[in-house]
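Data block below; observations after.
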Amino acid sequence: MTPVTRQEVLGLYRKIFRIAKKWQSASGQIEETIKEKEYIKNEAKTLFRKNKNVTDPKLIKQCLEECEARIEIGLHYNIPYPRPIHLPPMGLAHKQGRTLRHQEKLRKISKPIYLKSHDEVS
């Protein structure tokens, strides 16, 4: 990891903890605010520790982009949890064959970047 990349990663880590410190839940309830603050801290610790041995520059860049996306979405919607997406069910495809593989490929491609790490950790 280059020094610049290391600084970016540590900067994001600090940014997340600053956000958690100032976080207020949408409902304004103290219990919910505390719960959401803990979620933000635990999620950051888990994902950063999981990816601490990543050395591939492309993968590091992808993780940084995902982190930025999750921060922006969380701040915009005032929800610390990843926003679910709606993907239509694969009811039209046969249980085997090209159509099923094609639909599975489309579902994988259409998944937003901020949900990739959430599925791995959850």
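Read-outs: derived from the displayed coordinates by stated rules, not from any lab. Owing to the predicted nature of the structure, the values given are computational and were not obtained by experimental measurement. We place every Cβ from the backbone using ideal geometry, glycine too, and count neighbours over all the protein chains shown.
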Take each of the peptides 43-49, 100-106, average the number of other beta-carbon atoms within 10 Å over its residues, and list them starting from the highest. 43-49, 100-106
Given points 7 Å out from each Cα along the Cα-Cβ axis, report the THR46 to ILE34 separation in nanometres with one decimal. 2.1
Beyond 20 Å between alpha-carbons counts as too far, so tell me which of LYS21/LYS50; LYS15/LYS52; LYS21/LYS45; LYS15/LYS37 fall in that bin. LYS21/LYS50
